[in-house]
Each structure stands twice: as C-alpha cells, then as structure tokens.
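Any read-out appearing in this document is the output of simple, stated calculations on the displayed coordinates, not a laboratory observation. Please read all numbers here as calculations on a predicted model, not as lab measurements. Backbone-built Cβ (ideal geometry, glycine too); neighbour counts: all protein chains shown.
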Amino acid sequence: MSTKSIDESLFGLIRRQLLCLFFLNPEKSYYLLELINILRTGRGGVQREVANLVESGIITREKSGMKVFFSLSENCVVTGEMQRLLRKFVDYEGMLSLAVRDYGTSVRTAVMSKEGEEGSINLLVSFDGDSESFRREIERIELLTGIEILLSTVQPHKLKAYIRNSEAPWISSGKWKLLAGKAEDLIPEEPEMESGISEPDLFSGTGFTW
C-alpha cells in the first residue's frame with residue numbers, strides 16, 4: 001500500500017509549497033530570500049522551481065528597486081482548478097500539530113477548531129513563556145495553507161478562567177481537536193465566591209425573630 005498522498009505524487013515538496021504560496025495567496029508577491037525563509041530550504045532548489053514556474057507562465061517576475069518579486073500571473077488559466085486542488089490536499093492540521101510539538105513543554109495545551117470547509121481556524125494555546133516566535137510560525141503556516149488562523153495565547157494558569165469568561169466561545173460547541181494537553185484542561189473552573197459576602201437570611205421578612 002502506498003504511503004504517499006496524491007499531492008506528494010503529483011508534485012515534489014518545494015514545488016508543492018510554492019504552488020500553495022502563489023495560488024492560495026494570489027494577491028501577494030515574494031522576493032527570493034523571502035521564499036527561501038518561508039519554505040526553510042536551500043536556495044538552489046527554490047531558484048530552480050521558481051524559474052520553472054516563471055517559464056510556464058504560472059508566476060510573473062517583476063523588478064522593484066534592488067529586489068525581484070514573484071507573484072501569481074493574472075493570465076494563469078488554471079488558477080481556479082489549482083486552488084480547489086490545493087485546498088483539498090493542504091494538511092493544515094498536520095502543520096499545526098508539528099508546530100505545537102516543536103515548541104515542546106512551552107506549549108501546555110493547544111486546541112483548534114475549523115469553521116466550515118473554507119473557513120478560518122480558531123487556535124487556542126496556553127503558552128509558557130514568550131509566544132512571539134510561535135506567532136511567527138503560525139503566520140508562516142497561514143501562507144502555506146491559505147487559511148486564516150485566529151490565534152489566541154494565554155498563560156497556563158489563566159486558561160480555565162479564560163474559557164469560563166467565554167473568551168473562546170467555540171470551545172463550548174465541542175467541535176474541536178486537541179493538539180496538546182488534556183481535555184480536562186478545557187473544563188472551565190467555577191468562579192470563587194467573593195470574600196465578605198454573607199449567607200442570605202432565609203427567614204428575613206417572615207415575621208420570625210431570634
């Protein structure tokens with residue numbers, strides 16, 4: 001039985017990622033170093049694939065100042081078909097799971113929910129420490145998947161209160177996927193009774209005296 005997915009059989013990794021960048025973000029343009037940083041791969045492979053895409057008319061090359069920018073060609077005749085194909089095979093859940101795993105114990109809990117076939121992704125992460133680099137990784141995944149990711153980060157000890165205060169209302173729907181941590185982490189804590197509040201007098205106004 002083959003372990004390769006259909007998109008892996010059709011395209012190599014670098015070409016597949018480039019196609020996702022251009023077709024799923026048709027309004028964006030990129031310069032070569034930017035593409036290398038997003039794909040996290042060698043310069044030579046990216047240069048070859050970009051040259052092939054330019055030659056085939058899928059992307060265009062335009063110089064601006066000292067940089068050369070590449071973007072999806074407005075005249076590309078397969079844009080609609082490629083967008084539908086790539087959206088069908090893009091592994092957003094796998095990418096998010098890998099990102100969470102790469103941050104090890106810094107991520108205590110991570111849970112996601114997808115809003116429909118082409119909707120955005122809600123992602124709630126309890127993060128121990130500075131989450132800025134994690135946010136940049138999520139932005140990279142947004143580019144590679146063409147999906148908006150609504151990321152919320154919270155300190156681990158504030159997670160239950162965050163959920164209790166309905167800061168993440170989609171949690172209550174139960175239609176979510178746990179990427180890290182335990183399901184019990186998502187059970188909101190009961191609010192503490194404020195100190196100084198006395199028990200109500202059950203006999204007040206009844207005529208009884210003590």
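Rank-order 71-78, 147-154 by packing density, defined as the average count of other C-beta atoms within 10 Å over each peptide's residues, highest first.
Put in order of decreasing packing, that is 147-154, 71-78.
Which of the residue pairs K28/K67; K67/K114; K88/K177 have a Cα-Cα distance greater than 25 Å in the structure shown?
The pairs that break the limit, which is 25 Å between Cα atoms, are K67/K114.
With +1 on each Lys and Arg Cβ and -1 on each Asp and Glu Cβ, and nothing else charged, work out how big the dipole of the range 6-88 is about its Cα centre, in Debye to the nearest 20.
200 debye
What's the magnitude of the charge dipole for the range 68-171 around its Cα centre, counting Lys and Arg as +1 and Asp and Glu as -1 at the beta-carbon? Answer in Debye, nearest 20.
With Lys and Arg at +1 and Asp and Glu at -1, about 380 debye.
For D130, D185, which order do you get if you count the other beta carbons within 10 Å of each Cβ and list the fewest first?
Going from sparsest to densest Cβ surroundings: D130, D185.
Quick query: amide H of S120 versus all other amide H atoms, modeled in the peptide plane; which residues come in under 5 Å with a sequence gap of 5 or more or a different chain?
So S120 has HN proximity to E115.
What are the trypsin sites (Lys or Arg not before Pro) within the range 25-132 that DSSP puts in a loop, where the Cβ has at most 16 other Cβ atoms within 10 Å?
Answer in residue order: K28, R40.
Hey, got a sec? Which trypsin sites (Lys or Arg not before Pro) in the range 118-176 land in a DSSP loop and have at most 12 other Cβ atoms within 10 Å?
For trypsin sites (Lys or Arg not before Pro) across the range 118-176 that sit outside H, G, I, E and B with at most 12 neighbouring Cβ atoms in 10 Å, the list reads K175.
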